[in-house]
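Let me begin by presenting the structure, written as structure tokens, before commenting on it.
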């Protein structure tokens, strides 16, 4: 019996000696430190690359060493991202290696349950790295990017300039540049719908409606043509070629425009553009002054001219006005540089512009519009989905034209059409056109 007790005591000593308590504690401490470093690396990626213009302006105004260092790091985004990725990968690999070694000591593979060991070794360690080293720090850094960036700026700069990390960083940046040059030749095709979806997904609480609207305007910019933004010849103010000088000056003063089209006999026959600045040296001339000699050659464009191409031509030709012509060569209207830019930045008004679109609101869902109201203005006032109307319309650009196009005739008073739940009732019309329209929006 004495010998048996001695054997048992010896076995317990061997088992106890199999697990190094001090080594296990050190491994746990190292894993905790590595998880902290992984959290810093992951959070710094979210922090630095979510800094907006307001935060960057604040950093420039602070003029501190930390702020200058952050600006310096942001000026080389590829190097910054390479440093963060290299650091994060090295740390995560270290966590996996030490965790596997620790698990082998605490729960040896021999005689262990394979399912339990798989759950602990693969799922457990992966969840630990994802939660503590990735998800939680990125959520915090996204909410407080400036604070997190200031906290991690100096550690990242040290890693960025210390071998072998600096060597690996340069290798990664140069390697990706070569790949980008090769892949860049193929190009990536992204539709406007995909861009709109991306803008909607990236809309944040601190993004103003104005900024978001400008982004949407840029996305839709290339899809619009001159016919959609032009001022029709029925609405444009023009000068008849045979007008006397006094009549010309009176028209200019009443209109308040800096450039005016000149027509012969009919407004669809535009023969020139008169720049008001060219008249300034001749304000005191007699009524028989030949103002026609000051006319400039008009710039004609087709109705389907895309406005992004038109903007480039305006820049190249150094012009601000174009005459839009239809398939028969007659003038449909005019479009200006201001009209093009308004599609991106919104309405641009000066002292001669009406500040508001002319309409009246009867109640929450009922409006009264003139028949010549442009569809784009109708969309702005009523906030209806312009995509539905644009898909339904053909060549019409006004609300009255839209009704005539759908009905196939000029509707009489109290006749109406419906489009996507919006009821358009004719309030006043004659044999030539629809004058007033009542719009009733669908109930929400």
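Per-structure values
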| read-out | value |
| --- | --- |
| Residue check, residue 378 within 23 Å of residue 231 (Cα to Cα), part of a helix (DSSP H, G or I) and touching a strand residue (DSSP E or B) at 6+ places or on another chain (Cβ under 9 Å) | yes |
| Residue ranges of helices (runs of 4 or more DSSP H) in the range 94-181 with at least 1 members over 30 Å from residue 59 (Cβ atoms) and touching a helix residue (DSSP H, G or I) at 6+ places or on another chain (Cβ under 6 Å) | 125-130 |
| When residues of the range 227-254 are limited to those that are in contact (Cβ under 8 Å) with a residue 40 or more places away in the chain and part of a helix (DSSP H, G or I), the one surrounded by the fewest Cβ atoms within 10 Å (Cβ to Cβ) | 246 |
| Selected residue (only one of 11, 38, 22 is at pLDDT 85 or above and out of contact with any strand residue (DSSP E or B) (no Cβ under 6 Å at 6 or more places or on another chain)) | 38 |
| Residues being touching a residue at least 12 places away in the same chain (Cβ under 8 Å), farther than 14 Å from residue 151 by Cβ and part of a helix (DSSP H, G or I) - total across the range 41-53 | 0 |
| Residue ID - modelled with the lowest pLDDT, chosen from residues in the range 407-435 that are over 22 Å from residue 395 (Cβ atoms) and under 37 Å from the mean Cα position of the chain (by Cα) | 421 |
| Filtered residues of the range 65-103 (kept if farther than 26 Å from residue 170 by Cβ and exposed (fewer than 14 other Cβ atoms within 10 Å of the Cβ)) | 100, 101 |
| Matching entry among 361, 372 (being farther than 22 Å from residue 225 by Cα and at pLDDT below 85) | 361 |
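The values are calculated or read from the model by the stated rules, or taken from the named source; none is laboratory data. Here the structure is a predicted model, which is why all the values come from computation and not from measurement. Note that we place each Cβ from the backbone using ideal geometry, even for glycine, and neighbour counts take in every protein chain shown.
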